[in-house]
Every structure is written in structure tokens, then in C-alpha cells.
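Following: one structure in C-alpha cells, then a few remarks.
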Amino acid sequence: MRFTTPDYYDEFRCIAGDCRDSCCIGWEIDIDADTLGFYEQVPGSFGQRLHDNIQDGCFRLDAQERCPFLNRAGLCDIYTQLGEEHLCQICTDHPRFFSWFGDRKEGGIGLCCEAAANLILTRPLRLVTREIPDDFGEECDPALLDLLMLARSQMLERILHEGTLSDAVASLLRFAQTLQFHMDNGIRELPAWEAAPSGRFDADGMLAFLQTLEPMDPTWHETLSDLRCHLSDLPPLEPKEAEMLRNIGNYFLFRYFLAGVFEGEILSRVKLAAAAMQVIGLLWRYRRIQGEIADLTALVDLAKAFSKEIEYSEENLNAMLDAAYEVPAFSDASLSGFPSRHKNG
């Protein structure tokens, strides 16, 4: 079968003890049945340690919400004691994600990971496809899938290369609106690309909506509240920030757009990408008025924070998709308004 990934997919490497925000802290870690069965058979003192630190199919986190097998050097004791092949499936895969569309499979790396986010922010998304052994997933309409793949290919290029960031997102949203209309009415052809006017982002409305969602990090709502108080003070996006936001938009389109083949609904997924660009851009601009160093590390941390709050909560992700049709801040005019210092931003 055909397996499609970003061209940087195979370059990803976990940085283990050098990671400043370990995925082994603060996350519930489910153990798949096969691995759990293996752990139950491990002998000796390490086997007893496994037995004592697993409850209801999950690792029992300590008082600091650390995995009990994350040592003080930031390394995994299961990895060092039993080998990489005996990590549970989620630890093996993370932050990789996979999607199946009939005889096609796609994979990527998630924005919530420090090492992955460095690649996502700094590398324009280019897709590569290779043949792998059959690994079939849920069946879908192959003709609609081909149409959506072609649409996505055009959208990925438009975000990277069209005019200003506002121009690119405005035309992207116009295209998605028309494509959704075509799908709703049984028209199996792509619409033409058209220029569309950009508007002014309803930042306060977007942040107010985000505050209705259940936070993953207890400090997230505090950040949003303080950001709302300083919206009038925010500087425009810097050209480099705008360039990175284009890459983030393409990451969200790659990860979520094709899933619309199963429900016949793609518009909310395009708006999710635009909303992610806007909110992460707000966080970056807010960082500058706080006097923080404007380096890649800071940009990565804030992009990760958004990803954790939205992508890694199924309830919050679904709420974002629903909001595309219900919340005024998700209108085309709002989502296309990017304040930038430079013509190509």
C-alpha cells in the first residue's frame, strides 16, 4: 500500500533526556494488551517493579505526574532494562500519528513534541510517498478521496506561496467554502481559486471561546485571560513568524483534512488550521510584549502549548470543529486577518 508522510518524517529522533518537556510527565499512558501481557511475565525485581507501578492498564504516575519509569536523567528505565522493542505501543509511536484511507496510509509527527515542533516550524511541508506492506484501514469513497487529495495538494502550495498570509488564508477559506458546497451537492470537481478579501481577526472572541474548553494545563486559562487584557498592545507578526505560521497551517491541513472523506465535511478542518495559525500567532506576539527572548525555543514552546490543549483532547478538538459553524470568531473574515510587518508575511 502507499504510505505518505512529510519529507522530514524519518528525520525525527526523540531527544530523550535533553527534552525540556517530557511526554512521560503529565500524560496518562495506556499500555496495549500485548505489551501488558509481556510485562506481567517479566521476572525478578524489575518485574516486581512493573507489577507495583501498573494499575488498570496504565502506568501509575507519581505525585509529580511523572511516569514511574522515567528516571532523573530523563531516560526510560523500561527502554534501558528491557530494550526499545518492549516499550508499549503508545511510547513507541509518540509523537507519530497515523491515518488510514482504504489502501492508503498517512503518517506524521505531532506538534506537541519539542523535537517534532522544531521540524514542523522550520521545514516547509513536502509530502513523499512510498510502498509499504498492506495495512488496510477503513474503506472510503476512492473518487472522493482522490478529489480531496488533489484539493489538499493545492492548498498546501497556496499557503506557502500566495501573497501575504492574509491573502493566502482568505483564498484558502473561499476555496474550502466552495469545495464544501460542491461536496454537499454531489459535484465531484474542484472549484477555481479566487482572491478573497481579508478581514480583522476577532481575537477576543476566539480567546473567550477557548476559555470555555477544559484545560489540559491548569495555567492555560490564566495565559488566555492575560492575553485578552493585552490585545491592544500586541505588535504585528514578524516576517519569520508569518513564515512559520504557514508551516503550522500546512501541518494541520495534512493531519486533519483528509478525514473529511468519511463524513463528507471538510470546511471545519480548514477553519481549524486557520484558527491554529491565528491563536499561535497571538501567543507569539504576546510573548514579545512580555520581554521574552524571540528565539525558536520560545516559539516552539507556545506552539506546543496550543497543540496539547486542542489536539490531545478529543473533546476540545471536536469543540473546535463544531465552532467553525457556530462561533463568529471562526468566520472567514475573522480568520483571514493577520497583522504583519511585511508584504510577504
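The values are calculated or read from the model by the stated rules, or taken from the named source; none is laboratory data. None of these values were measured; they are calculated from a predicted model. For neighbour counting, all protein chains shown are included, and Cβ atoms are generated from backbone atoms with ideal geometry for every residue, glycine included.
A residue that is surrounded by fewer than 21 Cβ atoms within 10 Å (Cβ to Cβ), in contact with a His (Cβ under 7 Å, 6 or more places away or on another chain) and in contact (Cβ under 8 Å) with a residue 12 or more places away in the chain cannot be found anywhere in region 291-302.
Condition first: part of a loop (DSSP other than H, G, I, E, B), in contact with a Phe, Trp or Tyr (Cβ under 7 Å, 6 or more places away or on another chain) and free of Cβ contacts under 8 Å to residues at least 24 places away in the same chain. Now tell me which residues in region 48-68 satisfy that. ASN53, PRO68, listed by residue number.
When we screen ALA151, ALA168 for residues that are in contact with an Asp or Glu (Cβ under 9 Å, 6 or more places away or on another chain), modelled with pLDDT of 90 or more and either in a helix (DSSP H, G or I) or not charged (D, E, K, R) (or both), the only hit is ALA168.
Scanning region 209-239 for residues that are surrounded by 15 or more Cβ atoms within 10 Å (Cβ to Cβ) and among the charged types (D, E, K, R) yields ARG228, GLU238.
Quick grid of which residues meet (1) among the acidic types (Asp, Glu); (2) in contact with a Leu (Cβ under 8 Å, 6 or more places away or on another chain); (3) buried (at least 17 other Cβ atoms within 10 Å of the Cβ); (4) under 27 Å from VAL128 (Cβ atoms):
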site: ARG269; (1), (2), (3), (4): no, yes, yes, yes
site: ALA273; (1), (2), (3), (4): no, yes, yes, yes
site: LEU283; (1), (2), (3), (4): no, yes, yes, no
site: TYR286; (1), (2), (3), (4): no, yes, yes, no
site: ILE289; (1), (2), (3), (4): no, yes, no, no
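The C-beta contact set for region 119-134 (first residue farther than 19 Å from ALA242 by Cβ and at pLDDT 95 or above, second residue outside any loop (DSSP other than H, G, I, E, B) and among the small types (Gly, Ala, Ser), distance under 9 angstrom, 6+ apart or interchain) comprises LEU127/SER153.
Looking only at residues in region 259-302 that are among the β-branched types (Val, Ile, Thr), part of a helix (DSSP H, G or I) and under 18 Å from the mean Cα position of the chain (by Cα), the one that is nearest to GLU238 (Cα to Cα) is ILE280.
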